[in-house]
Structures are given as structure tokens and as C-alpha cells.
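Have a look at the structure below before the remarks.
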Amino acid sequence: MKTHRFLFLIGALLSTLFASQAAAQTCRITSGISSNGSRSYMEVYEYDFVEEKPQFPGGGQKMVNFINDQRRYPAEAYARGIEGRVMCSFVVNADGTVSHISVLRGVEPTLNREALRILSKMPAWQPGKLSGHNVPVRVICAVPFRK
């Protein structure tokens, strides 16, 4: 019993230590391709590691309501009974605007396009913060399609 309590305390101490020492993890995403074919990249922070994560205006439930209000189930996919969740990624920039929207795991081309259309219409978010400064942050979001 004492051993379990000791291990729990050590685990709690280590997790607190590592959480306070955690630095932002960055990843590079393609920002664009120039006319000569060279790629440019943008560094963004992984959303799990910033001090304040970006927030949709009004919170998570408002984002669900926004997606539900904007979603137009493609007729052909609906008729064929195609359902699923389109996993997408996008960047909430330091000014709160949304950019670099992409499909990580799609369901079917028409549903994937609809998910991209919905996310491209999102209003400006409250940006993520690191050390008190607004920073671009990558966000992963699922857009569900169910009959």
C-alpha cells in the first residue's frame, strides 16, 4: 500500500515537473508554392503545448452549432448513404483568422469538399497564446456527416 502511494506521489511530481518545463513544440506546414516551384513553410505551434489554446468565438458548443448550421450534405453522398467524420487541420493565425485548411482523413470527395467549405467560412477565433503573445496554432477538427 505504501509502495503504491509512493509511486503515485513520484508520478505526480514528475508530471508536474515536466508540465512546467514543457516548451512549445513546433511543426512546419506548407505555406505556399511559388511560381518557380519552390515551397515556403510556416512554423506553427502544436496546439497541445501553447499556454492558451485558440478558441472559437463563444466556445466549443458555438462551433458545433456553426458547423451544423453551415453543413449542406451533398445530395449524391446522402442518396448513397455515405456517412463519416472528415478529420481536418487548420491554422488559427496570430490575428485569429483561419488558414491552411486541409483534410487529414477524408471520407468521400464530396464530403471532404463540404468540410473544407464549412471551415473556410469560420469567423475569426480568439488566438492561442505563448508567453503572453498571440501565436499561430494548428487545430484538428472533425466535421461529422450522418443521415
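The values are calculated or read from the model by the stated rules, or taken from the named source; none is laboratory data. Everything numeric in this text was worked out from a predicted model, so none of it was measured. To get the accessible areas, we keep the full protein, side chains included, count just its heavy atoms, and leave off ligands, DNA and RNA. Shrake-Rupley method; radii C 1.70, N 1.55, O 1.52, S 1.80 Å.
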Open item on the list: Using protein chains only and a probe of 1.4 angstrom, how many square angstrom of F66 are accessible, to the nearest 10?
Closed with: 40 Å²
TODO: Could you pull out every residue, at least 5 positions away or on a different chain, whose amide H is within less than 5 Å of the one on G128? Hs are placed 1.01 Å off N in the peptide plane, and Pro or chain starts have none.
DONE: V135, V137
Open item on the list: Let me check I have the definition right: for segment 52-147, take the eigenvalues of the Cα gyration tensor, multiply each by 5, take square roots. What are those semi-axes in whole Å, largest first?
Closed with: 27, 13, 10
Task: Whole-number accessible area per residue in Å² for segment 54-147, which is evaluated in the context of all protein chains at 1.4 Å - done: 52 Å²
Open item on the list: I need the phi-derived Karplus couplings for segment 83-99: 6.51 cos²θ - 1.76 cosθ + 1.60, θ = phi - 60°, integer Hz, Gly and Pro marked x.
Closed with: 10, x, 10, 8, 8, 10, 10, 8, 10, 8, 6, 4, 8, x, 5, 9, 8
